[in-house]
Ligand code: PCA
């Protein structure tokens, strides 16, 4: 059985939904013969990674795609790089707010995504959905999870491609936020499916 692990985050800050979680919940059980293993991750710096590690080891998936919400972005953005720093201006869901803190004091400065980020971006754009390759996943929990997964795979010499993709707000989330960009659920869902197909294609 071939698995693709897809993770998404719980809502955070004052939001009652997270666009990445809405998309995760709607994903089919299987894409192109590969089973999708869905994981919901808490928006907590120090716990997010421990939730995913066990299943990655157990399933030995063909790849790991993590999803998160980047409120304010106007495009679906595969992330190129994760950096070894947690530097937060807002608390996580249990109040932690690390400042200038290395994620792993013995770790590499950064890790590049090992997913086919350009193919993912192009596959989304081909559908007429706005997508762009991003060169920063920020310094909040999403970057923390992306760095920690890549660090774990590197340290354990596991040859599993992994990376992150940020999604804009859903239309319903910006009703009280004038001027802030958003996308329809359909666009976020279809864009994510296109990225998943690109990942699977690269692993065949
Ligand atoms: N987005 C946040 C954390 C959880 C999420 O969905 C981020 O970009 O770091």
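What's the number of the only condition in (1) surrounded by fewer than 22 Cβ atoms within 10 Å (Cβ to Cβ); (2) more than 23 Å from residue 99 (Cα to Cα) that residue 135 fails to meet?
(2)
Would you pick out the residues in segment 148-166 that are within 16 Å of the ligand (Cβ to nearest atom) and either touching a strand residue (DSSP E or B) at 6+ places or on another chain (Cβ under 6 Å) or part of a helix (DSSP H, G or I) (or both)?
Within segment 148-166, 148, 149, 150, 164, 165, 166 qualify.
Residues are listed down the side, and each one gets a yes or a no for (1) within 15 Å of the ligand (Cβ to nearest atom); (2) exposed (fewer than 15 other Cβ atoms within 10 Å of the Cβ):
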residue: 1; (1), (2): no, yes
residue: 4; (1), (2): no, no
residue: 29; (1), (2): no, yes
residue: 51; (1), (2): yes, no
residue: 54; (1), (2): no, yes
residue: 58; (1), (2): no, yes
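Within segment 167-204, restricting attention to residues that are touching a strand residue (DSSP E or B) at 6+ places or on another chain (Cβ under 9 Å) and part of a loop (DSSP other than H, G, I, E, B), which residue is farthest from residue 31 (Cα to Cα)?
Taking the candidates together, the pick is 182.
For residue 85, indicate whether it is out of contact with any helix residue (DSSP H, G or I) (no Cβ under 7 Å at 6 or more places or on another chain), within 15 Å of the ligand (Cβ to nearest atom) and modelled with pLDDT of 95 or more.
On the way: out of contact with any helix residue (DSSP H, G or I) (no Cβ under 7 Å at 6 or more places or on another chain): yes; within 15 Å of the ligand (Cβ to nearest atom): yes; modelled with pLDDT of 95 or more: yes.
Taking the combined requirement at face value, the residue satisfies it.
Looking at this structure, is residue 109 exposed (fewer than 14 other Cβ atoms within 10 Å of the Cβ) and over 22 Å from residue 5 (Cα atoms)?
Yes, satisfied.
Determine which member of the set 145, 170 is touching a residue at least 40 places away in the same chain (Cβ under 8 Å), within 16 Å of the ligand (Cβ to nearest atom), touching a helix residue (DSSP H, G or I) at 6+ places or on another chain (Cβ under 9 Å) and farther than 15 Å from residue 45 by Cβ.
Result of the check over 145, 170: 170.
Within segment 173-188, which residues are within 16 Å of the ligand (Cβ to nearest atom) and crowded, with 20+ Cβ neighbours inside 10 Å?
If the condition is that a residue be within 16 Å of the ligand (Cβ to nearest atom) and crowded, with 20+ Cβ neighbours inside 10 Å, then 173, 182, 183, 188 are the ones that fit.
The values are calculated or read from the model by the stated rules, or taken from the named source; none is laboratory data. Owing to the predicted nature of the structure, the values given are computational and were not obtained by experimental measurement. With ideal geometry, Cβ positions are generated from the backbone for all residues, glycine too; neighbour counts draw on all protein chains shown.
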